[in-house]
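Report on the following structure.
The values are calculated or read from the model by the stated rules, or taken from the named source; none is laboratory data. This structure is a prediction, so every number in the text was calculated from the model and none was measured. Here Cβ is always computed from backbone atoms with ideal geometry, including for glycine, and neighbour counts include all displayed protein chains.
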Amino acid sequence: MKNGKLERIKAFIIRLGTRLRHSFQKSTKAKPEVSSKKPKLSFEIPQFIAYGLIGNKTAWVLPLFKDLDVRLHKSGLKVNFKAYVSLTIFATALICAVTLALIPSLLFLVFNLPLLPAVLFGVGGSLFAFAFSTLGFYVYPIYRADTLKRELEDELPFTTGYMAILTSAGVSPEKMFYSLSDLSVPLAVTAEAKDIIRDVNLFGSDIISALEETANRTPSQRFRETIEGLITTIHSGGNLAAYLREKSKEYMKLKRINLKKYSDTLSMLSEVYVTLLLTGPLFLVIMLVVMSMLGGGGFGINSTDLMLELLTYVGIPLGAIAFLVVLDTVSPKW
């Protein structure tokens, strides 16, 4: 009897422990199940929307943008050629439609201009919007490719030095690019290294093929020469560390020369800035104020008050923005 009671107690304790364990496992799995049921938004990127709407109707336009495919690859933009052309057409059409509706409405309702001239101004404004929008989408990959080129070349002395240190420690080329892709402070070369690691790990390419693909894609001539020299050294079984050290010294000398040229360019730009955006506007403001005081302000659209407002609120800000763009273009990142 005592043995039977002991067995029943043991069985009850075992069943209780099993139920408690199952209930604990269910409670720990509850959160991931809830998070996995969150709805995922589709068409989050504008080019997806544009390609879904008009992607099949852009075949006749693609030859007009035939040079854009290569520039997209060199710019580092992860956008398909057809999707980018679809986005260009869709955004341009939308901007033109908004301009065509907005300008006549403002001129007719706010400025009391007759309907026909207002519509003509709207058509002219939409044509300007079409030209500027198309030109902007066409030039943007070129600007991105040039920015990426300058960033890669500015970083090359430090990138090749870092690679030389890794190869001197016996790190293989695959591990070297993996280290570059996992930097705590991302650089321009980080994206290139991630593409190389992606080609090797995901697409099954060998390191030579991945490097050749990167050399064909990069917009920087110096970075291409470095990658091609790296491929040649790997093929021939040469000393990678010695090759990268020599490249680092060579690019450091070129960087010193470029910094000297940048210093001369910056002094010239400072003189241009003082002349065009400080002394010039001040001279024009004084001249317009004197003309207004002497009674020369009744020239209709060329009135001194209007010219003064255009200079203050349009001319000087646009000139400052243009100067900042030029300064950003010529400035080294490092």
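Specify which of the listed residues (315, 237) is surrounded by fewer than 13 Cβ atoms within 10 Å (Cβ to Cβ) and not aliphatic (A, V, I, L, M).
None of the others qualify; the one that does is 237.
If you go through segment 151-171 one residue at a time, how many are part of a helix (DSSP H, G or I) and within 14 Å of residue 245 (Cα to Cα)?
Looking only at that region, the number is 13.
Among the residues of segment 195-214, how many are part of a helix (DSSP H, G or I), aliphatic (A, V, I, L, M) and surrounded by fewer than 17 Cβ atoms within 10 Å (Cβ to Cβ)?
Number satisfying all stated conditions: 1.
Examine segment 81-97 for a residue that is out of contact with any Phe, Trp or Tyr (no Cβ under 7 Å at 6 or more places or on another chain) and basic (Lys, Arg), and state whether such a residue exists.
No, there is no match, as no residue in segment 81-97 is out of contact with any Phe, Trp or Tyr (no Cβ under 7 Å at 6 or more places or on another chain) and basic (Lys, Arg).
If we keep just the residues of segment 215-225 that are in contact with a helix residue (DSSP H, G or I) (Cβ under 6 Å, 6 or more places away or on another chain) and in a helix (DSSP H, G or I), which is surrounded by the most Cβ atoms within 10 Å (Cβ to Cβ)? Give the derivation first.
Kept after step one, since they are in contact with a helix residue (DSSP H, G or I) (Cβ under 6 Å, 6 or more places away or on another chain), are these residues of segment 215-225: 215, 217-220, 222-224.
After this cut, where a residue has to be in a helix (DSSP H, G or I) as well, the list is 215, 217, 222-224.
Values: 215: 17, 217: 15, 222: 17, 223: 24, 224: 16.
Among those residues, the one meeting the criterion is 223.
Count, please, the residues in segment 262-274 that happen to be surrounded by fewer than 11 Cβ atoms within 10 Å (Cβ to Cβ) and not small (Gly, Ala, Ser).
Adding up the residues that qualify gives 3.
Quick test for you: out of 123, 139, 189, 119, pick the one residue that is touching a residue at least 24 places away in the same chain (Cβ under 8 Å) and part of a helix (DSSP H, G or I).
189
One line per residue, one yes/no per condition, for (1) at pLDDT 90 or above; (2) among the basic types (Lys, Arg); (3) assigned by TED's automatic domain parsing to the domain that holds residue 50; (4) surrounded by 13 or more Cβ atoms within 10 Å (Cβ to Cβ):
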residue: 80; (1), (2), (3), (4): no, no, yes, yes
residue: 90; (1), (2), (3), (4): yes, no, yes, yes
residue: 93; (1), (2), (3), (4): yes, no, yes, yes
residue: 102; (1), (2), (3), (4): yes, no, yes, yes
residue: 105; (1), (2), (3), (4): yes, no, yes, no
residue: 110; (1), (2), (3), (4): no, no, yes, no
residue: 117; (1), (2), (3), (4): no, no, yes, no
